[in-house]
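Student: Quick one: this structure, given as structure tokens, is what I'll be asking you about.
Rule-based calculations on the coordinates, nothing more; no lab input. Not measured: the values here are computed from a predicted model. Positions of Cβ are generated from backbone atoms using ideal geometry, with glycine treated the same way; all protein chains shown enter the neighbour counts.
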Amino acid sequence: MSPAAYLPFLIQAFLAAGITAVILLVSSLLGQRARHTAIKDSAYECGVPSEGVIHTRFSVKFYVTALLFMLFDLEIVILVPWVFIYRDFLHQHLSILGPILFFMFVLVLGLFYEIKKGALEWER
């Protein structure tokens with residue numbers, strides 16, 4: 001391949017790096033932590049000074065549920081393209097049903113394990 005074939009990639013990479021650098025620079029210059037004043041560093045909610053603990057602690061159950069949601073969201077992200085290419089693989093006499101069934105089996109097995117361990121029960 002000629003070096004000119006890489007030109008669109010290089011332009012995109014330089015633009016991404018440049019935009020990232022500009023956003024980080026502007027954020028550090030103008031952001032909340034730029035000038036350490038009592039007003040800027042204090043929590044603000046609806047015009048009323050906050051009272052009590054600003055950062056509350058979340059239960060571990062919240063994080064486990066969030067991770068399980070991300071896991072099964074990832075499953076959908078993998079299954080949707082598989083559904084679209086399944087017919088093309090059948091026309092070429094290639095079976096991809098076995099690997100996806102194994103993938104689903106592992107995920108369902110993990111879900112049953114989480115249910116058995118009580119990871120989805122909030123009142124515990």
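Student: May I ask you to evaluate 6.51 cos²θ - 1.76 cosθ + 1.60, the Karplus curve with θ = phi - 60°, for each residue of the range 71-80 and list the ³J(HN,Hα) values in order in whole Hz, giving x for glycine and proline?
Tutor: Values per residue, Gly and Pro as x: 4, 7, 5, 5, 4, 5, 4, 7, 6, 5 Hz.
Student: Work out how much length Leu111 to Leu71 would gain on full extension: take 0.36 nm times their residue separation and subtract the Cα-Cα distance, in nm to one decimal.
Tutor: 13.4 nm
Student: What distance in nm separates the two pseudo spin-label positions at Gln92 and Trp122, each 7 Å out from Cα along the beta-carbon direction?
Tutor: So the two model labels end up 4.7 nm from each other.
Student: Let me ask another. Find how much the distance from Thr56 to Met104 grows on full extension, using 0.36 nm per residue of separation minus their present alpha carbon separation; answer in nm with one decimal.
Tutor: In short, 13.6 nm is gained.
Student: Let me ask you something else. At 7 Å along Cα-to-Cβ for each site, give me the label-to-label distance between Met1 and Ile78 in nm.
Tutor: Simple spin-label model gives 2.8 nm for this pair.
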